[in-house]
Amino acid sequence: MAAPDASDLKRRMEGALEAFRKELSGLRTGRASASLLEPVTIEAYGAKMHLKEVGTVSVPEPRLIVVQVWDRGMVKAVEKGIRDSGLGLNPQTEGQSIRVPLPDLTQERRKELAKVAHKYAEQARVAVRNVRRDGMDGLKKAEKAGDISQDEHKGLGEKVQALTDQYIKLVDDALAAKEKDIMQV
């Protein structure tokens, strides 16, 4: 059993960070963005589909998102999906397009969004720590198998911990920036 590859651990931690950033981009801050509707899923054709698979999302104005649904029969399902998404949005249907005006964020709603951001951050931290645990377990196994010495185990373990600390800090920095953005009136 060889020692775990540092580049593999780094790639996995980077993946956890990217997933976190993608989740954060879905949290709305008062400005419309197409990524706001990315997490919305629609019951379509007997399966769950992402919104972008059934229509085009555009942002014609800073406080308005428009979804152009490709299949007329899917308009009601898309409207229901947006309404039930938990984003606090109220879509209005006009033919095959759905207008989604963004209401002003209340202070209470801003605090709720900040809590959601904190929950996402904790999930990202847990994912990074799981990668660290896998790396440390790999080091233990490699030492037991005699592939690395105790000193190498200690040195590599410190490198894994430093990498973990670096990615946890990146998660915390992204959270702080998003929280500032959410709380800004």
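(1) surrounded by 15 or more Cβ atoms within 10 Å (Cβ to Cβ); (2) outside any loop (DSSP other than H, G, I, E, B): which one isn't true of Pro4, the others all being true?
(2)
Scan the stretch 158-181 and give yes if some residue there is among the aromatic types (Phe, Trp, Tyr) and either under 26 Å from Ile65 (Cα atoms) or open to solvent by 60 Å² or more (accessible area, probe 1.4 Å) (or both), otherwise no.
no
Within the stretch 36-72, can you find the residues that are part of a helix (DSSP H, G or I) and in contact with a strand residue (DSSP E or B) (Cβ under 9 Å, 6 or more places away or on another chain)? Working first, answer last.
Going through the stretch 36-72, the residues part of a helix (DSSP H, G or I) turn out to be 36-37, 51-53, 72.
Those that are part of a helix (DSSP H, G or I) and in contact with a strand residue (DSSP E or B) (Cβ under 9 Å, 6 or more places away or on another chain): Leu36, Leu37, Leu51, Glu53.
Out of curiosity, is Ala16 farther than 20 Å from Asp181 by Cα, of a type in the set (Gly, Ala, Ser), at pLDDT 80 or above and touching a helix residue (DSSP H, G or I) at 6+ places or on another chain (Cβ under 7 Å)?
Working: farther than 20 Å from Asp181 by Cα: yes; of a type in the set (Gly, Ala, Ser): yes; at pLDDT 80 or above: yes; touching a helix residue (DSSP H, G or I) at 6+ places or on another chain (Cβ under 7 Å): yes.
Answer is yes for this residue.
Under the condition of being part of a helix (DSSP H, G or I) and open to solvent by less than 40 Å² (accessible area, probe 1.4 Å), which residue from the stretch 16-35 is nearest to Val100 (Cα to Cα)? Even if it seems obvious, please write down each step before you answer.
Filtering the stretch 16-35 for residues part of a helix (DSSP H, G or I) gives 16-25, 34-35.
Now drop any that are not open to solvent by less than 40 Å² (accessible area, probe 1.4 Å), which leaves 16-17, 20, 24, 35.
On the way: Ala16: 30, Leu17: 29, Phe20: 25, Leu24: 20, Ser35: 13 Å.
Among residues in the stretch 16-35 that are part of a helix (DSSP H, G or I) and open to solvent by less than 40 Å² (accessible area, probe 1.4 Å), the one nearest to Val100 (Cα to Cα) is Ser35.
Restricting the first residue to the stretch 42-56 and requiring it to be surrounded by 13 or more Cβ atoms within 10 Å (Cβ to Cβ), which pairs with a second residue that is hydroxyl-bearing (Ser, Thr, Tyr) meet a Cβ separation below 8 Å and a spacing of at least six or different chains?
Pairs that qualify, where the first residue is surrounded by 13 or more Cβ atoms within 10 Å (Cβ to Cβ) and the partner is hydroxyl-bearing (Ser, Thr, Tyr), are Met49/Thr41; His50/Thr41; Leu51/Thr41.
If the requirement is being among the aliphatic types (A, V, I, L, M) and outside any helix (DSSP H, G or I), which of these qualifies: Leu105, Leu156, Leu163, Leu113?
Going through Leu105, Leu156, Leu163, Leu113 in turn, the sole match is Leu105.
Which residues, counting only those in the stretch 82-101, are open to solvent by less than 60 Å² (accessible area, probe 1.4 Å), farther than 20 Å from His50 by Cβ and either in a strand (DSSP E or B) or at pLDDT below 85 (or both)?
Of everything in the stretch 82-101, just one residue is open to solvent by less than 60 Å² (accessible area, probe 1.4 Å), farther than 20 Å from His50 by Cβ and either in a strand (DSSP E or B) or at pLDDT below 85 (or both), namely Pro101.
The values are calculated or read from the model by the stated rules, or taken from the named source; none is laboratory data. Note that this is a predicted model, so its numbers are computed, not measured. A quick note on method: Cβ atoms are made from the backbone with ideal geometry, for glycine too, and the neighbour counts reach across all protein chains shown. All accessible areas refer to the heavy atoms of the entire protein, side chains included, with ligands and DNA or RNA removed. Shrake-Rupley method; radii C 1.70, N 1.55, O 1.52, S 1.80 Å.
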